[in-house]
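These notes concern the structure reproduced below.
The values are calculated or read from the model by the stated rules, or taken from the named source; none is laboratory data. No experiment lies behind these values; they were computed from the predicted model shown. With ideal geometry, Cβ positions are generated from the backbone for all residues, glycine too; neighbour counts draw on all protein chains shown. In case anyone asks, the SASA skips ligands and DNA or RNA and just uses the protein heavy atoms, side chains included. Shrake-Rupley method; radii C 1.70, N 1.55, O 1.52, S 1.80 Å.
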Amino acid sequence: MSQPRRISRRRAWTALTLPALLCVLAACSADPAAGGNTDAAGPARDASPTPTGPPGTLFDDFAYTGADDPSLAAHGWAIRTGGGGPGIKSTWSADGAAFPSDPTAEGGKVLRLRSSTDGTAQGTTQAEVHTTSRNFFTGTYAARVHFSDKPTSGRDGDHVVQTFFPISPSDSSENYSELDFEYLPNGGWGSKGPQLDNVSWYKADPPDRVHNTLERRLAGWHTLMITAMDGKVTYSLDGKDLFTSSGKYVPREQMDIHFSNWLIDLPFAGGPRTWDMKVDWVYYKADEAVSPTDVQKTVAGFHSTGTDYIDTVPKP
């Protein structure tokens, strides 16, 4: 189960400009069958201060040309670098983030987060991408994520953690909030794995959280959903509910969204190895409980109209 992040996470807060990419309102009710793969390769997109589309909605298909694409920052994303935990401290690197084409992605491209190690701290890099605006609170969070059970290269056995989670910008916040999907193919912290942990936090330090563990091998693509509405948080995997928290274990302040791929420890030095996690798309709807079916329908509608990005979520 997830451990507390006792060292402050470094954040890159930047003055950002929002994009101009049309999203037709009818996309939200389009037939999912209409959606096909879209090759989003090409030049970086222009930005505009007035995006259009359904209100209170974030959708990103990660159709970027690379980590240096200006649209990535303009669309409110940062690649983490520098210090802090969790995992192998001070090993966060922009080298781990890329946006390759992928024939298995619904939109044709993915965000790939690659962590690598040779068994030493000096030879380790971890990867994380996060939003830079803390304007996500109650509502529906969803992402299509590809988990890995085996390293892309090198020997198996690392205690890797592949994650999707909204979290408070400060670990010391009085209203600390964090909602986790964490996949541990080889376990960690004394567990053997494979396992998917869902964790709802009330405090980071000392840790105060509730959790559920699904003991199952989950290599491949999955749709992860968190619905935070009406005083409870429900986690679901591929349309099936896994765990619900309530009481004090619900969001209490606005959060930002993170995807990360990191290593709990360094269990052996047996040569270099790499671990990949992929994200096809991310979706958020403010203040509404959206069903898994309607999430897929909405995303298919965006794909069918060629919409790679929309952000109409009110800013704090």
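Structural remarks
- Among the chymotrypsin sites (Phe, Trp or Tyr not before Pro) in the stretch 235-315, those located in a DSSP loop and surrounded by at most 16 other Cβ atoms within 10 Å of their own Cβ are F268.
- Among the listed pairs K109/K297; K89/K315; K109/K150; K89/K248, those beyond 24 Å (Cα-Cα): K89/K315; K89/K248
- Between the alpha-carbon centres of the stretch 228-265 and the stretch 106-127 there is a gap of 23 Å.
- Between S90 and Q122, the simple spin-label model (points 7 angstrom out along Cα→Cβ) gives 1.3 nm.
- As a rough guide to protection, the peptides 81-94, 206-219 ranked by mean Cβ packing within 10 Å, highest first, stand as 81-94, 206-219.
- Karplus-based coupling profile of the stretch 289-300, in residue order and whole Hz: 8, 9, 6, x, 4, 6, 4, 4, 5, 5, 5, 4, with θ = phi - 60° in 6.51 cos²θ - 1.76 cosθ + 1.60 and x standing for Gly or Pro.
- The dipole here belongs to the stretch 219-316: it is taken about the Cα centre, uses +1 on the Cβ of Lys and Arg and -1 on the Cβ of Asp and Glu, and is about 160 debye.
- Value of Rg to Rh for the stretch 172-258, rounded to two decimals, is 0.97; Kirkwood radius and Rg both from alpha-carbon coordinates.
- Subtracting the Cα-Cα distance of T274 and K248 from 0.36 nm times their residue separation leaves 5.5 nm of extension gain.
- Whole-number accessible area per residue in Å² for the stretch 60-126, which is evaluated in the context of all protein chains at 1.4 Å: 33 Å²
- Accessible surface of the stretch 263-316 [probe 1.4 Å, protein heavy atoms]: carbon and sulfur percent: 52 percent
- Trypsin sites (Lys or Arg not before Pro) within the stretch 123-202, DSSP loop, no more than 15 other Cβ atoms inside 10 Å: R155, K192
- Our estimate of slack between K240 and T81, defined as 0.36 nm per intervening residue step minus the Cα-Cα distance, is 53.8 nm.
- In loop segments of the stretch 145-210 as defined by DSSP, the GluC sites (Glu not before Pro) with at most 12 further C-beta atoms inside 10 Å of their C-beta are E174.
- Kirkwood Rh, Cα atoms: Rg over Rh of the stretch 70-176: 0.96
- Residues whose placed amide H lies under 5 Å from that of Q195, excluding near-sequence neighbours: L184, G187, R216
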